[in-house]
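Readers should treat all values here as calculations from the given coordinates under stated rules, not as data from a laboratory. All values derive from a computational prediction rather than experimental measurement. Note: ideal-geometry Cβ built from the backbone for every residue, glycine included; neighbour counts use all protein chains shown.
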Amino acid sequence: MLEQCSKNIEKLRNKCPLTHCITNYVTINDCANVVLAIGGSPAMANEAPEIEEFVEAAGVTIINMGTLLEDQIEPMQIAACHTKKTNTPLVLDPVAVGVSKLRNDITIDLINKSSVDVIRGNMSEIKAIANLFNITDEKSVAKGVDVSSDDIITKDNIKSNASLVKAVADKLNTTIAVSGAIDIISDGVSIYLIDNGEEVMSKITGSGCMLTCVIGSFCAITSPLEAAIIGSLSMAISGELARRKMEINNEGSGSFRTYLIDMMYNMNDETIMKYGKLYKLE
Amino acid sequence: MLEQCSKNIEKLRNKCPLTHCITNYVTINDCANVVLAIGGSPAMANEAPEIEEFVEAAGVTIINMGTLLEDQIEPMQIAACHTKKTNTPLVLDPVAVGVSKLRNDITIDLINKSSVDVIRGNMSEIKAIANLFNITDEKSVAKGVDVSSDDIITKDNIKSNASLVKAVADKLNTTIAVSGAIDIISDGVSIYLIDNGEEVMSKITGSGCMLTCVIGSFCAITSPLEAAIIGSLSMAISGELARRKMEINNEGSGSFRTYLIDMMYNMNDETIMKYGKLYKLE
Amino acid sequence: MLEQCSKNIEKLRNKCPLTHCITNYVTINDCANVVLAIGGSPAMANEAPEIEEFVEAAGVTIINMGTLLEDQIEPMQIAACHTKKTNTPLVLDPVAVGVSKLRNDITIDLINKSSVDVIRGNMSEIKAIANLFNITDEKSVAKGVDVSSDDIITKDNIKSNASLVKAVADKLNTTIAVSGAIDIISDGVSIYLIDNGEEVMSKITGSGCMLTCVIGSFCAITSPLEAAIIGSLSMAISGELARRKMEINNEGSGSFRTYLIDMMYNMNDETIMKYGKLYKLE
């Protein structure tokens, strides 16, 4: 699976799919740059009157719920419906779902309206979705956009978390990609783990948003499961290499952020094969 | 005071307070990254329907008036009221107050509605506030977001400027932090000066906005006066170290910006004690 | 012409004109930073109630159509009218015109309402404008914000493209600056080419938006034709030097982006004279 997934990088760079991102304005610049670095062509259009035209032109649409100003919600709803109608791959990043009623309502609405291919979130967000769709009774206690300390994925809780992720993927008929110290990816049938996580990734804003867009680009050229795996591997390995360089140079999170994009720009199948720690759990 | 303030950095990193920023979308990404670098947990939520929930969850709320689109003003007003009601620390950055009627009206409204803990601005902005609240007759002549050349703080005008800053802090019952070549900080009783300013700080966008958010994070764990001092010291010293590295490497403002975040990421009490030039004027 | 244009850099740094940018929030931070790096003073005000005040205070106004949310369109229209009324230089970046009906309608409206000094775009966008104003029948087929592969400027199509650019400039009584592998600039009388293009420029977001703002800053201190030439030369040469450094250091697009700003920060007339490849075609 590692080798099979790694082939998608060259394929992406050759096809350079139009990657349509409806995303928050906190990290929108980072998202555009990382899509360019990995080989996609980003279009950050989120104006209601032109959403349908962009969905039709794009190889994939990504909805990131980071900011939910009134005029950002309607475009998300239009995109959710129109990707389903046009059979365009859709990736959803339900940022901070579980933290406010507004976010819960919109998450449910977007999932119900669409046929979402991949949902990418941290463990708190996926637990919140499990809760909203009655898949678990366990409550998540996240307060902001970051994962709650109770929900951090560790060797001890990996099995129960992985089972929940699989159950959500199965129930919603989608692929779930959870990023964390260990990434969990499931299409409702198989479960894969990626053990290349770096703590410093949580010390820059947008690492999650960027990952979602990268997975999105890959969705335009391969299956949701492969897209989630190769997207997560690319970002995690880039993070690992960037952290090493940062430490060798005695630098900090500013340089790390620059190197992360550098590593994505230079990512290829060899690097994936050399550093990727992909395990099949089920 | 220098030593006492410097202890707050470790405290901040341990507590990692949720730092709720309602801020402009020009520098919002920089603001989130600098809060992460110094040890806070940023939440950039500015949607009216969820402002109260975020104020309640956060250790501090920051209002930056950089962009004032219609749907950004209401959230600021809600936050101003709700921080007062819930006794949540509030930090205000009245960007470009004095430049347009809109900005003057909103500044007055937000100050009147709230119980603001720290106001952070450049000397032109603080003079404009002094004018709006009838503390001085002197007019500021700033045209944009940058300090007017007439208002740049120098050794010659430092005393009169410091007196005005103290008078504003006293009248509005708050702490004022003025950033410039020399920083002036007053809680209406004491006046402190910081002499670590770097000119290149004005050659990147967002240095002021970032400082405001950093002061905000510190407000969640210490007094407004200490927060203003340690926040200003951290940023000013990081700027000094980043400028040195930029010059040694023969680089420019792009690298400076990256190094500034690096230095904040590595900031600690020892560096504050070694480089901090803090003086008590009164 | 190369020497004459190169003198404008020092002039810009001395005058430091207020550069008023109404621009998209994808690359707004990059735009502010590049204006600061080259020597202008950016003001990113785009709130309808204060647009007229900023147009009056500024040395130039720039309208970038990258994002067209409802509350961003009215400020553009106000600025288009008010720059004409106050004789303030206006630079337009018609991002993705030709891709959606919304963008076509707004482009026509803004050009008709104003007296635009420079239009900066890629070849697909300029072809779309030529089409909208009945200057050509040739259709552009761009799908996103990037130039269509059919419209990339090469040695083979440079003459026909240059003729079209000149015709558009003549018809609209403006200066057109087309950026690409080879830049084409025409005021409707002369045609200039710049052969310093770098492919990696298209691997970061915002290189076009930044160029537009830089040309804008120069418009505040010199003629539209000279502004378009020196702005394009500065960015293209900075891109060339940044790419070299990136390759020597074995880095990627993240570092390239940082170095691009560094090079703009250090740009001067000597560097322009040494590296500038400016040719007069007609």
- Query: Can you flag which of B:K245/C:K245; C:K139/C:K159; A:K245/B:K7; B:K101/B:K127; C:K84/C:K274; A:K155/B:K15 are past 27 Å Cα-Cα?
  - Reply: A:K245/B:K7; C:K84/C:K274
- Query: Using only Cα atoms, what Kirkwood radius does the stretch A:2-280 have, in angstroms?
  - Reply: 18.2 Å
- Other chains near C:202-210: what is the mean number of their Cβ atoms within 10 Å of each residue's Cβ? 3
- the stretch B:71-206, relative contact order [Cα under 8 Å, separation at least 6], %: 19 percent
- Item | Rounded Å value of the spacing that divides the Cα centres of the stretch B:201-279 and the stretch A:184-233 | 34 Å
- Report, as a whole number in µm² per second, the diffusion coefficient that Stokes-Einstein gives for the stretch B:135-239 at 37 °C and 0.692 mPa s using the Kirkwood radius over alpha carbon pairs. 232 µm²/s
- Query: How many Cβ atoms of partner chains, on average, are near each residue of A:40-46 if near means within 10 Å of its Cβ?
  - Reply: 6
- Evaluate the relative contact order of chain A (contact order divided by residue number), counting alpha-carbon pairs under 8 angstrom at least 6 apart; express in whole percent. 21 percent
- Task: Could you pull out the GluC sites (Glu not before Pro) across the stretch A:135-212 that fall in loop regions by DSSP (anything but H, G, I, E, B) with no more than 15 other Cβ atoms inside 10 Å?
- Result: A:E138
- Message: Given R₀ = 60 Å, what would the calculated FRET efficiency be for B:E56 paired with C:E282, taking r from the Cβ atoms and rounding to 0.05?
- Response: 0.35
- Expected max-MSF residue from A:D117, A:D109, A:D269 in the GNM of chain A (alpha carbon, under 10 Å) is A:D109
- Percent antiparallel among DSSP beta bridges with both residues in the protein assembly as shown, to the nearest 5? 35 percent
- the stretch B:1-57-the stretch C:101-158 distance, computed between alpha-carbon centres (Å): 43 Å
- Query: Based on DSSP H assignment, which helices of chain C show an axial Cα extent of at least 30 Å together with a mean Kyte-Doolittle hydropathy greater than or equal to -0.5?
  - Reply: C:224-248
- Output the Kirkwood hydrodynamic radius of the stretch C:72-196, Cα pairs only, in Å rounded to one decimal. 14.5 Å
- Per the C-alpha gyration tensor (a ≥ b ≥ c, the square roots of its eigenvalues), the stretch A:172-218 is rounded if a/c is under 1.5, else prolate if a/b beats b/c, else oblate; here it's oblate
- Two-decimal ratio, the protein assembly as shown, of alpha-carbon radius of gyration to 2.2 N^0.38 Å: 0.90
- Item | Of B:I63, B:I248, B:I194, the one that fluctuates the most in a GNM where chain B has Cα springs shorter than 10 Å | B:I248
- Note on the structure: Residue span A:E3 to A:D137: 0.36 nm per residue of separation minus Cα-Cα distance leaves a gain in nm of 44.4 nm
- With the convex hull built on the alpha-carbon atoms of the stretch C:208-267, volume per residue in Å³ sits at 67 Å³
- Chain A residue with Cβ closest to the axis mapping A onto C, distance in whole Å: A:Y25, 3
- Message: Only Cα pairs within less than 10 Å get springs; with that Gaussian network setup on chain A, which residue of A:Y259, A:Y25, A:Y192 has the largest fluctuation?
- Response: A:Y25
- Set the Förster distance to 41 Å, then compute FRET efficiency between B:V189 and C:E270 from the Cβ-Cβ distance, nearest 0.05. 0.15
- For peptide B:21-28, how many partner chain Cβ atoms fall within 10 Å of a residue's Cβ, on average? 6
- Query: Does the stretch C:96-169 come out rounded, prolate or oblate, given a ≥ b ≥ c as the square roots of the eigenvalues of its C-alpha gyration tensor, rounded meaning a/c under 1.5 and, failing that, prolate meaning a/b above b/c?
  - Reply: oblate
- Amide H within-cut-off set for A:M44, under 5 Å, with H built and near neighbours excluded: A:C21
- Measuring from label point to label point, each 7 Å out along Cα→Cβ, what is the C:D170 to B:K171 span in nm? 6.3 nm
- Note on the structure: FRET efficiency for A:C81 and A:I108 from the Cβ-Cβ distance with R0 = 25 Å, rounded to 0.05, comes out at 0.95
